[in-house]
Amino acid sequence: MPKKQKVLVIVGPTSSGKSALAVELARKFGGEVISADSRQVYRGLDIGTGKITKREMRGIRHHLLDVVSPKKTFTAHDFLVRGRKVIATTLRRGLLPIIAGGTGFYIDTLMGRVTLPNVPANPKLRAQLEKKSAAELFALLKKRDSRRAKTIDPHNKRRLIRAVEIAEMFGAVSRNNDLRSRYGNINDFVNRYKVLWIGVSPKMKMLERQITIRLFARISRGMVAEAKRLHTRGL
């Protein structure tokens, strides 16, 4: 049996220091960072999303940042396809893939803990869903797929619309065994790679302080102006 190649995954709440830790470990062990953030994939969404800066990267290559226009849809399935390709190419170059998230659902999808069918966008359904509020979409998702509703941001309309779209076509998204039987054979990530998980969990008071510091830093860097620019572009 061939030796499994190593993949590192760093998870934790916002402002817990995942990005800085990923860079530090990449420098120490010869790796590259794969961002697993559902907002940072979009070009132009920089300050408000807390996207790492060139200076903070400290020369370490980062993947899956700024990969798509915010006017386009980028799904968890898109992340799965791109993410696994980046992991494979990084390993072929003899480097350690370090996944830093971000978005837990993206990581679960990438790891094979949750798997999604490739559901094409449904413009007619989306037009109907766009008229609903986030609260209405969340209530609809709970009826269609209660398990997915437990893992999604109830205020994120973009992700709620996509989740409802999938549920309308295929029903509830479940864990591996159910999905394999319904959507065909899926390569199990854990069977291919040796995955090391690192959970960053600072004390709550420290985390709250860091969140406050980061928020004011983003405002001083121009977060409000960035939001206005995006709004004028119809986003």
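The values are calculated or read from the model by the stated rules, or taken from the named source; none is laboratory data. Fair warning: this is a prediction, and the values are worked out from it, not measured in the lab. Backbone-built Cβ (ideal geometry, glycine too); neighbour counts: all protein chains shown.
This table checks each residue for (1) in a strand (DSSP E or B); (2) in contact with a Ser or Thr (Cβ under 7 Å, 6 or more places away or on another chain).
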residue: 191; (1), (2): no, no
residue: 196; (1), (2): yes, no
residue: 202; (1), (2): no, yes
residue: 207; (1), (2): no, yes
residue: 219; (1), (2): no, no
residue: 224; (1), (2): no, no
residue: 230; (1), (2): no, no
Quick one: how many residues across the range 46-68 are out of contact with any Asp or Glu (no Cβ under 6 Å at 6 or more places or on another chain) and either loosely packed, with under 13 Cβ neighbours inside 10 Å or of a type in the set (A, V, I, L, M) (or both)?
13
Filter the range 72-108 down to the residues that are in contact with a strand residue (DSSP E or B) (Cβ under 9 Å, 6 or more places away or on another chain) and among the basic types (Lys, Arg) and list them by number.
72, 82, 93
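For every residue, the table says whether it meets (1) modelled with pLDDT under 85; (2) within 26 Å of residue 235 (Cα to Cα).
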{"site": "93", "(1), (2)": "no, no"}
{"site": "101", "(1), (2)": "yes, yes"}
{"site": "113", "(1), (2)": "yes, no"}
{"site": "118", "(1), (2)": "yes, yes"}
{"site": "121", "(1), (2)": "yes, yes"}
{"site": "135", "(1), (2)": "no, yes"}
{"site": "139", "(1), (2)": "no, yes"}
Being modelled with pLDDT of 95 or more, surrounded by fewer than 19 Cβ atoms within 10 Å (Cβ to Cβ) and part of a loop (DSSP other than H, G, I, E, B), is that true of even one residue in the range 25-36?
yes
For the list (1) out of contact with any strand residue (DSSP E or B) (no Cβ under 9 Å at 6 or more places or on another chain); (2) within 22 Å of residue 102 (Cβ to Cβ); (3) at pLDDT 90 or above, I need the number of the one condition that residue 190 fails.
(3)
Which residues, taken from the range 47-67, are under 15 Å from the mean Cα position of the chain (by Cα) and farther than 22 Å from residue 8 by Cβ?
49, 66
Identify, by number, the condition in (1) surrounded by 14 or more Cβ atoms within 10 Å (Cβ to Cβ); (2) not in a loop (DSSP other than H, G, I, E, B) that residue 143 doesn't meet.
(1)
For the structure I just gave you, tell me whether residue 102 is buried (at least 20 other Cβ atoms within 10 Å of the Cβ) and either within 27 Å of residue 27 (Cβ to Cβ) or acidic (Asp, Glu) (or both).
yes
Does the range 193-210 include one or more residues that are more than 23 Å from residue 17 (Cα to Cα) and either modelled with pLDDT of 95 or more or in contact with a strand residue (DSSP E or B) (Cβ under 8 Å, 6 or more places away or on another chain) (or both)?
yes
From 82, 43, which residue is surrounded by fewer than 19 Cβ atoms within 10 Å (Cβ to Cβ), farther than 28 Å from residue 150 by Cα and under 15 Å from the mean Cα position of the chain (by Cα)?
43
